[in-house]
1. Those residues that are outside any helix (DSSP H, G or I), modelled with pLDDT under 70 and surrounded by 10 or more Cβ atoms within 10 Å (Cβ to Cβ), I need them from the range 67-108; list them, please.
2. As an exercise: evaluate residue 159 against (1) farther than 21 Å from residue 25 by Cβ; (2) touching a residue at least 12 places away in the same chain (Cβ under 8 Å) and give the number of the one condition it does not meet.
3. For the range 180-198, what are the residues that are open to solvent by 50 Å² or more (accessible area, probe 1.4 Å), outside any loop (DSSP other than H, G, I, E, B) and over 13 Å from residue 128 (Cβ atoms)?
4. Taking residue 56 and the conditions (1) farther than 22 Å from residue 197 by Cα; (2) touching a Gly at 6+ places or on another chain (Cβ under 7 Å); (3) at pLDDT below 90, which numbered condition does it fall short on, given that it satisfies the others?
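The values are calculated or read from the model by the stated rules, or taken from the named source; none is laboratory data. Keep in mind the model is a prediction, meaning the values are calculated, not measured. Virtual Cβ from ideal backbone geometry, glycine too; neighbours counted across all protein chains shown. With ligands, DNA and RNA removed, areas are computed over all heavy atoms of the protein, side chains included. Shrake-Rupley method; radii C 1.70, N 1.55, O 1.52, S 1.80 Å.
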Amino acid sequence: MEDLASDPDFDVGERLRALRSHVGLSQRRLADLAQVPHGLISMIETNRSSPSVSSLRKILGGLGISMSEFFEPDSPASDQVFFSPTETRDLTSLLFSHKRPSGGKVALRQVGDAKRHNLQILHETYDPGADTGHVMLEHFGSEGGIVVAGEIEVTVGAQAKVLKAGDSYLFSSSVPHRFRNLSDRPATVISACTPPYL
């Protein structure tokens, strides 16, 4: 196994446990998301095993964070204003932390530090057949978005409508909601949520 942290006082196991608990994942669910053996998460969190770089990358992918975020949790807030596509953060696994996505793939990428700005801006893509699930999403806050390509069915409470490119939505996130791509083409949505949900 490779030594991953340059600081000998850095507790990899405790850091992983804290991050996993923060997003509400069980050890087994994180292992499933990361596609690693179930016992590995427990072994790392109790410092009975030191993960290889490749194993840790897989596990952090399941949490939706980068290696730098893992090893530099107390780094000063960034004043970064502009972001390239590679600088957005993949949050897909956090949306499906308690369930598997239905149908096609859903991908969510976040712009910048949502917690610092109390605003989560997402680039969302839905493959044909993608569905956030029969159990509808529900959380505190407000959200809105604009469909920029394809079409997506948005259900909010008892209301449902297929939105096409140029259409938009805005609602209280405490109302149960769901997103489905019923078409045969990918759909892209730019959305915002406050306070951040994922």
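1. 72, 73, 96, 97, 98, 99, 101, 102, 103
2. (2)
3. Passing the criteria: 190, 194.
4. (2)
Residue-wise test of (1) assigned to a helix (DSSP H, G or I); (2) at pLDDT below 90.
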residue	(1), (2)
2	no, yes
5	no, yes
8	no, yes
17	yes, no
20	yes, yes
25	no, yes
32	yes, yes
40	yes, no
